[in-house]
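Chemist: First the structure, which I've put down as structure tokens, then a few questions once you've had a look.
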Amino acid sequence: MAQQAAALQTYNNELVKCIDDLCSKREELNRQIKLEEEERERLQHDIGILSEKLSRVNESLAQRLAARATFDRTIAETESAYTKILESSQSLLSVLKHEAGNLSKVTEPRRKEH
């Protein structure tokens, strides 16, 4: 019986040691879980901040793109109007030269024919 008691004591000691090992591993796992939960919270906070920044940048970008489109349209309209002014000036100059030539013919003294 003493032998059985010794065996039982050995099993008991091993069982206690296994339970202690499992408790230690569980505590380490809990520590790792806590660290990862803290990291997740930091990341979620950072994501919130970055999402707000992204939203502001997108809004600013949209406004700037709209402003650029307005500039592009204004420049195109102005260039078109300027081209028409140049064409009109060229036509006016051509008509003026033609009329000036006609007026010169009318106002020149007539030559006497012999």
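The values are calculated or read from the model by the stated rules, or taken from the named source; none is laboratory data. Owing to the predicted nature of the structure, the values given are computational and were not obtained by experimental measurement. Neighbour counts run over all protein chains shown; Cβ positions are idealised from the backbone, glycine included. These area figures cover heavy atoms from the full protein model, side chains too; ligands, DNA and RNA do not enter into them. Shrake-Rupley method; radii C 1.70, N 1.55, O 1.52, S 1.80 Å.
Chemist: Please determine whether any residue of the range 1-22 is loosely packed, with under 10 Cβ neighbours inside 10 Å and not in a helix (DSSP H, G or I). It would help to see each step written out before you state the result.
Modeler: Of all residues in the range 1-22, those loosely packed, with under 10 Cβ neighbours inside 10 Å come to 1-5.
Remaining after also requiring not in a helix (DSSP H, G or I): 1.
Yes: one or more hits.
Chemist: For the range 23-53, which residues satisfy the criterion of being among the hydroxyl-bearing types (Ser, Thr, Tyr) and open to solvent by 90 Å² or more (accessible area, probe 1.4 Å)?
Modeler: Here is the first cut: in the range 23-53, the residues among the hydroxyl-bearing types (Ser, Thr, Tyr) are 24, 51.
Scanning the range 23-53 gives no hits.
Chemist: For residue 99, are the conditions met, namely being surrounded by 10 or more Cβ atoms within 10 Å (Cβ to Cβ), part of a helix (DSSP H, G or I) and under 35 Å from the mean Cα position of the chain (by Cα)? Steps first, answer last, please.
Modeler: Working: surrounded by 10 or more Cβ atoms within 10 Å (Cβ to Cβ): yes; part of a helix (DSSP H, G or I): yes; under 35 Å from the mean Cα position of the chain (by Cα): no.
The answer is no for residue 99.
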